[in-house]
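Asks: Take this structure first; my questions come after.
The values are calculated or read from the model by the stated rules, or taken from the named source; none is laboratory data. Quick caveat: nothing in here was measured; it's all calculated off a predicted structure. Glycine gets a Cβ as well: all are built from the backbone with ideal geometry, and neighbour counts include every protein chain shown. These area figures cover heavy atoms from the full protein model, side chains too; ligands, DNA and RNA do not enter into them. Shrake-Rupley method; radii C 1.70, N 1.55, O 1.52, S 1.80 Å.
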Amino acid sequence: MALRLGDIAPNFSANTTEGTIDFHQWLGDSWGVLFSHPADFTPVCTTELGTVARIKKEFEARNVKVIAVSVDPIESHQGWIKDINETQACTMNFPVIADEKRVVATAYDMIHPNADDKATVRSVFVIGPDKKIKLTLTYPASTGRNFLEILRVIDSLQLTAKHKVATPADWQHGKDCIVSPSVSDADAEKLFPKGFRKVKPYLRYTPQPNL
Ligand code: BEZ
């Protein structure tokens, strides 16, 4: 069955370009992003891995570890990494899982047979420090992901895990947030000392509370 938000991210042991890992141990107390690729030596995947390598500091600043997975073998990954470094103005700096036996792909339901019966789709799982799945995304092979959007949702996930707010459409770090519907006006006054703006009884904005 497909994994759902709030489920425990399945643990696994895997061979990666940075050695063997136990996934949960490797995550430790960090947040995690696990993302899959259809295949090595393919153009869109090459740009995606290069993009993540270039912005890895942004993930680290948010206490997030990133790890990629594809069903090709480790020797293939090693050769492909040379191409990624050569063509994407980066030095690869995070592990890529060699999931030849499709252990990870199966556990995370990354093969969608009606799209392709062998290759993984472009899945993204954001995992919290409690090892629970906080966000899933699924893109087809033909569409590269927007990793700035993934950083943006991580900002929202981390903020809303600590404060009784939600984030509106197209929210960016620093912009006003929405007071959670479960919070009464009286409680909102105590919780949000910067105040809140009531547009409708169910639509109340407050400045981002952790700034
Ligand atoms: C790519 O990464 O470029 C790609 C992979 C599989 C199908 C189409 C594109």
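Asks: Determine whether the stretch 47-56 contains at least one residue that is under 29 Å from residue 155 (Cβ atoms), within 16 Å of the ligand (Cβ to nearest atom), part of a helix (DSSP H, G or I) and out of contact with any helix residue (DSSP H, G or I) (no Cβ under 8 Å at 6 or more places or on another chain).
Replies: Yes - at least one qualifying residue is present in the stretch 47-56.
Asks: Restricting to the stretch 76-90, what's the tally of residues that are aliphatic (A, V, I, L, M) and either on the phi < 0 side of the Ramachandran plot or crowded, with 20+ Cβ neighbours inside 10 Å (or both)?
Replies: 2
Asks: Just give me the residues in the stretch 149-160 being within 30 Å of residue 47 (Cα to Cα) and open to solvent by 40 Å² or more (accessible area, probe 1.4 Å), in sequence order.
Replies: 149, 152, 158
This table checks each residue for (1) open to solvent by less than 20 Å² (accessible area, probe 1.4 Å); (2) among the small types (Gly, Ala, Ser); (3) within 14 Å of the chain's Cα centre (by Cα).
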| residue | (1), (2), (3) |
| --- | --- |
| 42 | no, no, no |
| 74 | no, no, no |
| 92 | no, no, no |
| 102 | no, no, no |
| 120 | yes, no, no |
| 123 | yes, yes, yes |
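Asks: Just checking, how many residues over the stretch 66-110 are free of Cβ contacts under 8 Å to residues at least 24 places away in the same chain, closer than 24 Å to residue 10 by Cβ and assigned to a helix (DSSP H, G or I)?
Replies: Matching residues across the stretch 66-110 total 1.
Asks: Another one. With (1) under 13 Å from the mean Cα position of the chain (by Cα); (2) crowded, with 18+ Cβ neighbours inside 10 Å; (3) closer than 18 Å to residue 122 by Cα as the list, and residue 64 as the residue in question, which single condition is left unmet?
Replies: (3)
Asks: Given the stretch 114-211, what strands (runs of 3 or more DSSP E) lie entirely inside it while holding 2 or more residues that are under 24 Å from residue 6 (Cα atoms) and modelled with pLDDT of 95 or more?
Replies: Per the criteria, 122-127, 133-139, 177-179.
Residue-wise test of (1) more than 25 Å from residue 128 (Cβ to Cβ); (2) surrounded by 11 or more Cβ atoms within 10 Å (Cβ to Cβ).
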{"site": "162", "(1), (2)": "no, no"}
{"site": "167", "(1), (2)": "no, yes"}
{"site": "178", "(1), (2)": "no, yes"}
{"site": "185", "(1), (2)": "yes, yes"}
{"site": "188", "(1), (2)": "yes, yes"}
{"site": "192", "(1), (2)": "no, yes"}
{"site": "204", "(1), (2)": "yes, yes"}
{"site": "209", "(1), (2)": "no, yes"}
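Asks: When only residues in the stretch 20-40 that are open to solvent by less than 40 Å² (accessible area, probe 1.4 Å) and over 21 Å from residue 106 (Cβ atoms) count, which is nearest to the ligand (Cβ to nearest atom)?
Replies: Ranking the qualifying residues of the stretch 20-40, first place goes to 31.
Asks: Any idea which of 146, 114 is within 13 Å of the chain's Cα centre (by Cα), of a type in the set (S, T, N, Q), open to solvent by 50 Å² or more (accessible area, probe 1.4 Å) and within 16 Å of the ligand (Cβ to nearest atom)?
Replies: Residue meeting the stated conditions: 146.
Asks: Restricting to the stretch 117-136, give me the number of residues that are within 16 Å of the ligand (Cβ to nearest atom) and without any contact (Cβ under 8 Å) to a residue 40 or more places away in the chain.
Replies: The qualifying residues number 1.
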